[in-house]
Amino acid sequence: MKVALYCRVSTNDGRQTTENQLMQLRTFAANQSWAVVAEYIDECSGKTANRGDFKELFIASSRREFDTVLFWSLDRFSREGALATLQHLQRLTDYGIGYRSFSEPYLDSCGMFKDAVISILAVIAKQERIRMSERVRAGQERYKTEFERGKAQSHSGQNAALGRPKVIINREKVRQMRAEGVSIRQIAKSLKVSVGTVASICSKNPPEIAA
């Protein structure tokens, strides 16, 4: 049987280097009379599938370049959670590739515990999907509540940030400055209002409040 070895460095245990894993996996494969045709090694976190050799492993799996993937332990293969891990194992199965964990003999696609292990992972994955769905719904409800609150405050005038604040103009001050010969543009600049507002106040029917 042709096998591919997959190793990933452990950041939590300095003894579990990729070389240590490879030595044990090579010995195990030799004892089983398996031919090692490829070795894939990643030295990065297992919390994402965006790993160079991990991706290459699946490309080779799709080409049926070997029969089985042998890894040291499931957490060296993936630490993305039950759902993602189950999907990776199912992907290998779909390609017609087996898998085997060196340190977890029950995790063997050809072993007697295969169905039990997959069932357990499936249950955990289902709970993981439910939690993810609940978090999404909670986020949507929170956004809806905040949006409705913002609309209510905007209509009641309690949230100035949602609307343009109104500026109360002292009409007498405007008229006095105009009477003193100050230009409309200068008045507007001084009082920090628009030229149109000042012109309107100085007209026959000026408004009391301007935006």
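None of the figures in this text is laboratory data; all of them are computed from the coordinates on show. Since we're looking at a predicted model, the values are computed, not measured. Cβ atoms come from the backbone with ideal geometry, glycine included; neighbour counts cover every protein chain shown.
The calculated FRET efficiency for Leu22 paired with Asp94, based on their beta-carbon distance and R0 = 30 Å, is about 0.65.
Counting only aspartates and glutamates at least 8 places from Lys2 when in the same chain, those with an alpha carbon closer than 12 Å to its own are Glu39, Glu65, Asp67. Note on Ile59 and Ile120: their simple-model spin labels are 3.5 nm apart, each label 7 Å out from Cα toward Cβ. Within 15 Å, Cβ to Cβ, of Ala35, how many net charges do the neighbouring residues add up to if Lys/Arg are +1 and Asp/Glu are -1? That works out to +1.
Using the Cβ atoms and a cut-off under 13 Å, what net charge is assigned to the surroundings of Arg26, where Lys and Arg are +1 and Asp and Glu are -1?
Details: positive: none; negative: Glu19, Glu39.
For residues surrounding Arg26, the net value is -2.
Simple spin-label estimate for Cys202 and Arg79 gives 7.3 nm between the two label positions (7 Å along the Cα-to-Cβ direction from each Cα).
Between Ser194 and Glu146, the contour length at 0.36 nm per residue exceeds the Cα-Cα span by 13.9 nm. Each peptide in 177-186, 84-93, 41-50 receives the mean, over its residues, of other Cβ atoms within 10 Å, and ordering these scores from highest gives 84-93, 41-50, 177-186. Near Ser62: Cβ cut-off under 12 Å, other residues only, Lys/Arg at +1 and Asp/Glu at -1. The net charge is +1.
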